[in-house]
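**Q** Can you read through this structure? Questions will come right after.
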Protein chains: 2
Amino acid sequence: MTVVNILFDQSQIFWQKQKMAKTIQKRTLKTRARLIAAAKEIISQNGFEAMRVEEVVLRAGTAKGTFFAHFKDKDALMDLIIGEKINEYLDQMEIQTSPKTSSQMVKTLMPLCEFMTCERYVFDIILRYSGATRIEEIGIIATTFGRQIEIFKIWLESVEFRKDIEADIVAEGIHAFMIQTMALKFCALHNSKSINDRLGPYLKAWLSPEC
Amino acid sequence: MTVVNILFDQSQIFWQKQKMAKTIQKRTLKTRARLIAAAKEIISQNGFEAMRVEEVVLRAGTAKGTFFAHFKDKDALMDLIIGEKINEYLDQMEIQTSPKTSSQMVKTLMPLCEFMTCERYVFDIILRYSGATRIEEIGIIATTFGRQIEIFKIWLESVEFRKDIEADIVAEGIHAFMIQTMALKFCALHNSKSINDRLGPYLKAWLSPEC
DNA sequence: CTATTAAATTGACCATGGTCAATTAAAGGA
DNA sequence: TCCTTTAATTGACCATGGTCAATTTAATAG
């Protein structure tokens, strides 16, 4: 009530934003943690695709409605869990020394690519969440993509690569080829080549064109 | 029965394929046509996302089960309708003269890109179906992607572009940048640039690098 | 024309994600 | 300690895609 009254004369938009600032009870955090833990448990046992909201709330000992009070929908929780995992891979990438060649780059990217394509379902979620249509919808996965671009830009600083275009474009291109390569992994018509054999030539051609 | 008996001693795999060869009644085609027409009607009135199986079978005058006897699932029908539309755009692209510059190329690609991103839902379906995991699952959209690559390769024949890598790779790259550009159109963080302003620089950098 | 066989259709039923009015529990002031 | 307010939870209920045993209809052999 206090928060509400203090802000009541502010603009509607500001007020909308501040609604988030309502006091959060301790049990909320516990409930949320239980839900996430239950989901992760299911995933570790049966994979991402096998996760069912019914099963999550059963294991967490809550009602179904509680799940949706904590997460907008099932996929929002997937975004959280997958995004967290992606961030772990990015952490690993950051503490390694920057790759100096395109094939080193592929090697460094490999663990992340492997995870992103560990299940068709996971890759679909990643694609869907990599760009959120509205700012409010931006989730963890969307932010990891921005982070990837930043990491690529740092790599590019310490290596000889094409200078005819700005680093942002180069970094975005690396990303585009990563996606393309992973998509083809699932493609029955084109999955004969490994990620390594495909991404390598792409990156070489993109980063060090020999015209 | 005739077909079945004749082939009964063949290998299991061959037999599986030949199951498709069962005699098809005329009414089947009519029913199928009614279902597709009903779906297209809904789509033209309310968009792709608004299509409901219940509504389709209601308009087509069939039972729900009939729908799934004709299409593996709802998305298989979407694949059909969207894929058909993509092919129309590819037809248009083929009868035009090949673009000679990257900006001409963007202009030629624009109508297709606009359609593919006319709805978030449509783009999601296209991404999901662009690579089918199993050969049996390959649908129209998956084949249109192969067709796109072929068209790109023809374009590349009649124009000065980098020769340091094979045409297949170049064509696949065009495709990768198309996807990247369209994905960013839906991204709240990066949708300020138009498709034209983004795809142009990508293609220029990819097709005519100035090292 | 009838019987037989297989194709096509049906609709009751299920699986699962998601909603919301009603209820319960926590937090803070008097 | 009690009261008020609001946060949190609940579970019956809904929406929609999808299944399948039972039934109807078409095709064809005799």
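The values are calculated or read from the model by the stated rules, or taken from the named source; none is laboratory data. For clarity, every value in this text was computed on a predicted model and none was experimentally measured. Neighbour counts run over all protein chains shown; Cβ positions are idealised from the backbone, glycine included. Only protein heavy atoms, including side chains, enter the accessible area calculation; ligands, DNA and RNA are left aside. Shrake-Rupley method; radii C 1.70, N 1.55, O 1.52, S 1.80 Å.
**Q** How about segment B:119-137: which of its residues are open to solvent by less than 30 Å² (accessible area, probe 1.4 Å) and farther than 16 Å from residue B:76 by Cα?
**A** none
**Q** Could you run through segment A:38-66 and say how many residues are more than 17 Å from residue A:125 (Cβ to Cβ) and within 14 Å of DNA strand D (Cβ to nearest atom)?
**A** Selection size over segment A:38-66: 12.
**Q** Looking at (1) over 25 Å from the mean Cα position of the chain (by Cα); (2) open to solvent by 50 Å² or more (accessible area, probe 1.4 Å), can you tell me which one residue A:168 breaks?
**A** (1)
**Q** So, residue B:152, is that one assigned to a helix (DSSP H, G or I) and within 25 Å of residue B:75 (Cβ to Cβ) or not?
**A** Answer is no for this residue.
**Q** With the requirement that a residue be open to solvent by 60 Å² or more (accessible area, probe 1.4 Å) and in a helix (DSSP H, G or I), what does segment B:79-96 give you?
**A** Across segment B:79-96, the qualifying residues are B:84, B:85, B:88, B:89, B:91, B:92, B:94, B:95.
**Q** Something else now. Hey, can you tell me all the residues within segment A:186-199 that are part of a helix (DSSP H, G or I) and either surrounded by fewer than 21 Cβ atoms within 10 Å (Cβ to Cβ) or charged (D, E, K, R) (or both)?
**A** Answer for segment A:186-199, where residues must be part of a helix (DSSP H, G or I) and either surrounded by fewer than 21 Cβ atoms within 10 Å (Cβ to Cβ) or charged (D, E, K, R) (or both): A:195, A:196, A:197, A:198.
**Q** Out of (1) more than 10 Å from every other protein chain (Cβ to nearest Cβ); (2) open to solvent by less than 40 Å² (accessible area, probe 1.4 Å), the odd one out for residue B:140 is which?
**A** Against the list (1) more than 10 Å from every other protein chain (Cβ to nearest Cβ); (2) open to solvent by less than 40 Å² (accessible area, probe 1.4 Å), residue B:140 comes up short only on (2).
**Q** Which condition number does residue A:146 fail, the rest of (1) crowded, with 17+ Cβ neighbours inside 10 Å; (2) within 9 Å of chain B (Cβ to nearest Cβ) being met?
**A** Residue A:146 satisfies all of (1) crowded, with 17+ Cβ neighbours inside 10 Å; (2) within 9 Å of chain B (Cβ to nearest Cβ) except (1).
**Q** Hey, another quick one. Is there a residue being assigned to a loop (DSSP other than H, G, I, E, B), among the hydroxyl-bearing types (Ser, Thr, Tyr), more than 16 Å from DNA strand D (Cβ to nearest atom) and within 14 Å of another protein chain (Cβ to nearest Cβ) anywhere in segment A:97-119?
**A** yes
**Q** Which of the following residues is buried (at least 17 other Cβ atoms within 10 Å of the Cβ) and within 16 Å of the chain's Cα centre (by Cα): A:105, A:110, A:116?
**A** Going through A:105, A:110, A:116 in turn, just one is buried (at least 17 other Cβ atoms within 10 Å of the Cβ) and within 16 Å of the chain's Cα centre (by Cα): A:116.
**Q** Then there's this: Quick check on segment B:163-185. Is at least one of its residues more than 10 Å from every other protein chain (Cβ to nearest Cβ) and not in a helix (DSSP H, G or I)?
**A** Within segment B:163-185 (the criterion being more than 10 Å from every other protein chain (Cβ to nearest Cβ) and not in a helix (DSSP H, G or I)), the answer is no, since none of the residues qualifies.
**Q** Pull out all pairs, ordered by first then second residue, where Cβ-Cβ is under 6 Å, the residues are six or more apart or on different chains, the first lies in segment B:45-57 and is open to solvent by 100 Å² or more (accessible area, probe 1.4 Å), and the second is modelled with pLDDT of 95 or more.
**A** If the second residue must be modelled with pLDDT of 95 or more, the pairs left are B:49/B:119; B:49/B:121.
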